[in-house]
Structures are given as structure tokens and as C-alpha cells.
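Student: Have a look at the structure that comes next, please.
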Amino acid sequence: MGGKLPKYNEGELVEMLRRQDRQAFNYLYDNYSDALYGIVLKVVRSEETAQDLLQEIFVKIWKNISQYDVGKGRLFTWMLNIARNTSIDYLRVNRPEIQEIDSAVYWVEGNQNIYNELDSNELREIVSQLKPEQQTLIEMVYWGGYTHEEAAQRLSMPLGTVKTRVRSALRDLRKFFSS
Amino acid sequence: MINIKEYIESGVLEDYLSGNVSEQERREVECLSKIYPEIKAELEQLSEAVERYAFAHSVSPPASLKEKIMAQLEFKEEEVQEEVSIEDETPVLPLNSRNNSFQWGWVAAASVAALIGSVVYFNAKVDTLSQTVAKQQTELQQQTQQLQQQTDLLAGLSSVDNQFVTLKGVDKSPSSAVRVVWNAKTQEVQLNVLSLPTPASDKQYQLWALVGGKPVDLGVFDVTGSLQKMKAIPQADAFAVTLERKGGSPVPTLSELYVMGKVTS
């Protein structure tokens, strides 16, 4: 199922979820659980914890779906926020030492490993066109909940450089996808 | 007017998506992306890129997890069961075992029941009729009032310098609509509520002008059918209405945005 993008009208799905429709949840889970699990797994780096958190995340999505505002952006962006906040909250409360000892080197290496395991499907090929450094930045800042300042500190890079590179990484990614 | 291209290139949209923005910037992005389709499109494409990136890194969780999650959720099932239960409660009468005289008694009882039924029916009918009359009287009063309001409206609208901006309902309240009449010469702003939900007694709607991306307070108003005079403004890119506490707020509460409309230049 990995890498499959859902094909449906987001408005309809949200409407069904708000009516607590079982079919809608099935659809949501089948289409989004892999992507969200992939993110959480990268942030917490423990399968057991990631599974607990994924449960929490889907329950939160289900309970708070009435707060999602279609006009403010994509459903996935909203769910990504929930996933990101839930994972970061967990790390702050339960394993503060991880945040302390976590080095950028570990992050980069960790990602390198995941990269080696990737299939060569089209999406992944596109993503691999980004420089590894850009990928690290995207994952730290967009998924890992790092602020620009934290990322700059961990990567020993000037703040301005981090800001510019984070933005340009996403911009490049956008270009790859639209070309 | 804000420079849309510059705004998009400033990087604030990327920062918004990663959560690296201040509260003020966040509201600005959400507000501007509602007004300017170019900004909305850019934000949409950037979010899509993040989304695809996430999908490219999908990992399947164990299959058992789905059931674990679903066990924690409450679903509303289709209400088929209720009908079935009504049928179940219908008493089943034995078909044989009763003699003729009992059946005549049954018929008599049924006739009495029918008579009572028709009296109740006619009483109800009379009630309905008097309700209809009362309703029509109220409607007539309302229509007279509306006619007066329309006449006033026409009188207030007759300047050639007037520009009409229809503020349409956003997601929160799609059927809402407000019309703003803006006189570019006198800078006067008048407002006419076409449709807005009645607010709670401690709340009031507030009109805002968006000038160069910044909201400017144009005063609070009540939900009436008449034309209401608001604060004057020399320049505006768009108008918007939010629901605020009674008396208004210094900054708009964007989660309470009801209608919005762009000024066509």
C-alpha cells in the first residue's frame, strides 16, 4: 500500500467522518496510516512507541475532525500537525534525554538507512533528487517539530542558512512534483 | 494592495507549513490565502509537496493495529435496527380460539374508537386553521416592515459613486452573505445584512476592511434588515465580517470569520 495517494473528494470524506461513519474511517486509515506511521517512526525511532502513538493520533483525528477547517488547507496537512505534535509531546515528556543526546549525525545516518531500503518507485525517485542535506532538514523541521533555531544548533549551521535551505528544499520538492 | 509575488517569495508560506511562524503570521497566512487565490494555490502546492514526501516514506504498521484503534472509536451505524424492533413489539394475536359474539364486540369498540378519533381530528384541524391565520398575520407585518426597509435601502444607495461588494459566506457559514456599499468619493461605508446567523446575546458581528493585508476595524453591527452606517475608510482591498464579543475586538478572530468579499478594482 506504501506510496499510494488517495483518490477521492476530501470534503466528502470529512463530511462522512463527522457523521461518525465506519466506512469513512476505514478509508481514512487505509489511505493515510502508512504515511503517518512512517513520519512517527522517524521521529520516535521505536516501532512499539510509534504504534502506540499512531493509535493516539487516529483517535485524536477522529475526535477532533469537527475542528478541521477545509478552507485552511489540506486534510493531510492537518493530520500531519496532529501526528507531529503528538510525537513531540511524547518525546518531551517521556524521553527528554533523547532530545539532549540526539545528534544531527544520528538523524542523517538514520535517514540514510531508511533510504537504502526504499523501493525505486516514482515518488521515491523524485524525493531522492533532493540533496541528503535537504531531506534531513525537511524531516527535522517539517516532521520532527524542530524550530529553525534548534535545527541550526544541531546541524551547527548559521540560522539564516537553515531558514533559506528549509524553504528552498520544499520549493525544489514542489518543482520536482509539478514538472 | 500587498505585493503577492513578494509575499509568496518571502518564505512565510514554507515556514507556516513547518509551524515556524508567530501567531500573527499564522493568522495573516490564513487570512491572505482566503483572499488571494495566488497565495492559496501556492500554499496548496507546497502542502501537496510535503504530503507526497510523506507518502514516499510510507511504512506499513502491523495489520492488527487498525482493529485496536477501531475498538476505541464510537461509530454511528445506519438506523435500520430501530424499524426491526418496532415490528418485534407488535403483538401477535392468535387466529382461531375466539367465537362470533366476541368479534361483534370488537367491531363496536372499533366504531367508538373511530368516532373519538374523528372528534380529535376535527379539533386538531380547527387548531391548525387558527394557527395558519395567526401565521399569515405575522407574515403580513413582516412584509410591510421589509417593504419599508427596502425603500430606505434604495434611498441610501442612489449615489453613482457607490461600489457594491458582496461578502460571501466562508466554510463556517456558507449560506451567509452581507453587502457592503462603499462610496469611494465620500469614503463612506454602509452595510446591509443579507443573511447571518443570529449571534448569542454577548456577541456582535464586526466589519473589517483589509488594507495591504492588515485588518482595519470598521465597527460592530446588529443583524437587521436595514442599511447600517459603518466607519469610513479611504482604501480597501477586501471586506470581512467576524463574530466578536459585544462591542467588538481590536483584532479579528479569524476562526470566527463568517463572510468575506474582495473589492474589484
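The values are calculated or read from the model by the stated rules, or taken from the named source; none is laboratory data. None of the values given here were measured: they were computed from a predicted structure. Every residue, glycine as well, gets a Cβ built from its backbone with ideal geometry; the counts of neighbours run over all protein chains shown. We work out accessible area using only protein heavy atoms, side chains counted, and drop any ligands, DNA or RNA first. Shrake-Rupley method; radii C 1.70, N 1.55, O 1.52, S 1.80 Å.
Student: Filter region A:135-148 down to residues that are at pLDDT below 85 and of a type outside the set (A, V, I, L, M, F, W, C) and give me whichever is most open to solvent (accessible area, probe 1.4 Å).
Tutor: Among those residues, the one meeting the criterion is A:T147.
Student: Going by what's in this entry, would B:Y16 be described as crowded, with 18+ Cβ neighbours inside 10 Å and more than 7 Å from chain A (Cβ to nearest Cβ)?
Tutor: The answer is yes for B:Y16.
Student: Moving on. Within region B:246-261, can you find the residues that are not hydroxyl-bearing (S, T, Y) and not in a loop (DSSP other than H, G, I, E, B)?
Tutor: B:L254, B:E256, B:L257, B:V259, B:M260, B:G261
Student: Residue pairs, Cβ under 6 Å, 6 or more apart or interchain, first in region B:1-23 and touching a residue at least 24 places away in the same chain (Cβ under 8 Å) and acidic (D, E), second part of a helix (DSSP H, G or I) and buried (at least 16 other Cβ atoms within 10 Å of the Cβ). List them.
Tutor: B:E14/A:R167; B:E14/A:L170
Student: Considering each residue of region B:183-215, count those that are among the aliphatic types (A, V, I, L, M), outside any strand (DSSP E or B) and open to solvent by 40 Å² or more (accessible area, probe 1.4 Å), and give that number.
Tutor: 2
Student: Here's a follow-up. Condition first: open to solvent by 70 Å² or more (accessible area, probe 1.4 Å) and assigned to a helix (DSSP H, G or I). Now tell me which residues in region A:164-179 satisfy that.
Tutor: A:T164, A:R165, A:K175, A:S178
Student: Working only within region B:32-52, note down all residues that are open to solvent by less than 60 Å² (accessible area, probe 1.4 Å), under 23 Å from B:V216 (Cα atoms) and facing chain A (nearest Cβ under 10 Å).
Tutor: B:S33, B:K34
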